[in-house]
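Asker: The structure's right below; bear with me while I get my questions together.
The values are calculated or read from the model by the stated rules, or taken from the named source; none is laboratory data. None of the values given here were measured: they were computed from a predicted structure. Because the Cβ atoms are built from the backbone with ideal geometry, glycine has one as well, and the counts that use them run over all protein chains shown.
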Amino acid sequence: MKPVETCVIAKLTTVFQPSYLKVLNESNMHSVPTGSETHFNVILVADSFVGMRQVQRHQAIYKCLAEELQSGVHALALHTFSPNEWIANGHVPASPPCLGGSKHDK
């Protein structure tokens with residue numbers, strides 16, 4: 001694991017105490033230098049999400065990762081679930097291909 005990814009995992013684990021957490025560095029799918037840590041896909045299942053709307057969950061994650069978002073993390077694909085939501089429908093769609101920068105068809 002790389003330093004930013006490790007930090008993201010540690011912070012999300014500490015703050016949310018998830019029953020399930022998966023953090024994928026998807027930077028290689030984007031127009032960034034090799035080895036970048038700029039684009040992450042996060043699947044997070046936590047009891048603290050019970051009764052929260054998606055926007056509130058995302059805001060809580062943005063607050064938790066504010067330092068990373070200010071210092072190089074460009075994008076977070078967030079998939080957040082309460083434990084019951086995860087059991088009922090834990091399907092997470094694959095990330096679409098990047099069409100920005102040099103990967104965009106002109």
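Asker: List pairs: first in segment 44-69 and farther than 16 Å from residue 81 by Cβ, second β-branched (Val, Ile, Thr) and not in a strand (DSSP E or B), Cβ under 8 Å, 6+ apart or cross-chain?
Answerer: Hits for this filter: 64/15; 65/8; 65/73; 68/4; 68/8.
Asker: Considering only segment 48-70, I want to know if a residue exists there that is surrounded by 16 or more Cβ atoms within 10 Å (Cβ to Cβ), β-branched (Val, Ile, Thr) and either at pLDDT 95 or above or part of a helix (DSSP H, G or I) (or both).
Answerer: Among the residues of segment 48-70, at least one is surrounded by 16 or more Cβ atoms within 10 Å (Cβ to Cβ), β-branched (Val, Ile, Thr) and either at pLDDT 95 or above or part of a helix (DSSP H, G or I) (or both), which makes the answer yes.
Asker: Here's a follow-up. Any idea how many residues of segment 16-47 are at pLDDT 85 or above and surrounded by fewer than 16 Cβ atoms within 10 Å (Cβ to Cβ)?
Answerer: Summing the residues that are at pLDDT 85 or above and surrounded by fewer than 16 Cβ atoms within 10 Å (Cβ to Cβ) in segment 16-47 gives 6.
Asker: Moving on. State which residue is nearest to residue 43 (Cα to Cα) when the search covers only segment 71-106 and only residues that are assigned to a helix (DSSP H, G or I) and at pLDDT 90 or above.
Answerer: Out of the qualifying residues, it is 86.
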